[in-house]
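Please read the structure below before turning to the comments.
What follows draws every value from the coordinates through simple rules; no lab data is involved. No experiment lies behind these values; they were computed from the predicted model shown. Neighbour counts are summed over all protein chains in view; Cβ atoms, including those assigned to glycine, are modelled from backbone coordinates with ideal geometry.
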Amino acid sequence: MTGNKKKGVQPITAILLTVFLDMLGVGIIIPVMPALFFQPDSSILPVMASEAYRSIMFGLLVGCYPLMQFFGAPILGALSDRFGRKKMLILSIIGVLIGYLLFAWAIIIKNLWLLFFSRLLPGFAGGNVSIAMSAISDISEEKEKTKNFGLAGMAFGIGFILGPALGGFLGDDSIVSWFRSDTPFWFAAILALVNLIVVHFFFSETLITKRESKFSLFMALRNIVYSFSLPDLRGTFTVVLLLSIGFSLFTQFYAVFLIQKFAFTELDIGLLYCWIGLWFAFTQGGIVRVLADRFRPQKLLSICVLLLGFSLLAVLLPSKASWLYLISPFIAIFQGIIMPNIASLVSSKADEGRQGEMLGINQSMQSLGEVIPPFIAGTLFAINYNLPFITASLLIFIGWAIFLRINK
């Protein structure tokens, strides 16, 4: 552990607040983006645009952010090892802030290409969660890592609880006449500004021993190749990639699925995501901490990954939307257990001086897994809105089988 024991605000408190504010901003925009493409009254596309075209363009826009994060996250991770977590967090949040402002303006002037640029910029700069995870590694003893990653997941989940519901509320002009599709993005920009203030004034640097990590623009591609040369981690990174592709296929098109099958509004989407976030936060803030005292990450992952695959398939079964409120908590619980245990597994296998680098590679794998789905899910969705979820479950089952093989 290379933590900071300064008096004042505890490092873990500032880290959790940073993660919360970041996820709150992300959550706010979740109900709005699909509506821009699939609800004609708020669409940024021509009314006559086909469903296939809407699906593909939506997928490309969604894919912009993780594509740039794929290249940006490992660079920010390596730079945070060299210059410290605080400086890189500030740089990252500034990029996110600018992105929200540009997206709001793009909606007002109905400029599709500015929408794309406004997602590319914060995608490259948006490695703040991986930097926060590195900071948690800095201040945590080995036995505390899973619990502290779980706390970060709880902060993530609480932001996810409030964010979508707030976004659905802010984007609904039937609630307040001057609320529009761009309103949630202005509010998200304000949150990013608050996050910037929190980091500047309350975040104490957690990295004591800095390291001259090499980096380049194509570091992410090299990291992918390099990750498969690490005997202790290549199997785990393969599983991370498969799980990320599978879960991203679900998450990136779930809101579209809700609009198409159940005619959900932004507020409907926000409330369901709020319900999912509630269970996610409960899992990471409570269940994970209890399970961490009793089971090793390998044991928990061997069970929860399998159950997650079945849970995603179960979403396709209901003919009434009310059943989703029963099924969705299981997805949140299993994914909520998987995330901190995967992070803990990667962290425990990394050298102490390379926590940021290894977690940056882990973020690259997750980002690569988020990049791929939008470019195939749009086409799959245009064929049949069930196909992205069937494919997602299949990939998760494959990841589960590989995980069992490497952890015999």
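Points to keep in mind about this one:
- Between region 87-120 and region 167-189, the alpha-carbon center distance in angstrom: 17 Å
- Most mobile listed residue (Val26, Val199, Val225) in the chain, GNM with C-alpha springs under 10 Å: Val225
- Most tightly packed first, judged by the mean number of other beta-carbon atoms within 10 Å of their residues, the peptides 393-399, 152-158 read 152-158, 393-399.
- Sorting the segments 235-243, 175-183, 161-169 by their mean number of nearby beta carbons within 10 angstrom, highest to lowest, gives 161-169, 235-243, 175-183.
- Given Lys143/Lys408; Lys86/Lys145; Lys145/Lys299; Lys147/Lys408; Lys143/Lys299; Lys299/Lys408, the pairs whose alpha carbons are separated by over 18 Å: Lys143/Lys408; Lys86/Lys145; Lys147/Lys408
- Cα long-axis angle, helix 112-125 against the chain (0 to 90 degrees, to the nearest 10): 10 degrees
- Angle between the chain longest axis and helix 85-109 axis [Cα atoms, degrees, rounded to 10]: 10 degrees
- Label point distance in nm, Gln260-Thr379, each placed 7 Å from Cα along Cα→Cβ: 1.5 nm
- Helix 355-383 vs. the chain, principal-axis angle (Cα, 0 to 90°, nearest 10): 20 degrees
- Using a Gaussian network model of the chain in which every pair of alpha carbons under 10 angstrom is joined by a spring, one finds that among Asp172, Asp22, Asp138 the greatest mean-square fluctuation is at Asp172.
- Candidates Gln363, Gln39, Gln260, ranked by Gaussian network fluctuation over the chain, Cα under 10 Å, top entry: Gln260
- Likely footprinting exposure, Glu51, Glu144, Glu266, fewest C-beta neighbours within 10 Å first: Glu51, Glu144, Glu266
- Along each principal axis, taking the top coordinate minus the bottom one, the Cα set of region 46-154 gives 58, 25, 21 Å in descending order.
- Cut-off 15 Å between beta-carbons: net charge of the residues surrounding Ile303, Lys and Arg +1, Asp and Glu -1: +3
- Note that region 261-339 shows a convex hull volume over its alpha carbon atoms of 80 Å³ per residue.
- Here the chain was treated as a single set of alpha-carbon atoms; its pair distances binned every 20 Å from 0 give 29, 62, 10, 0 percent.
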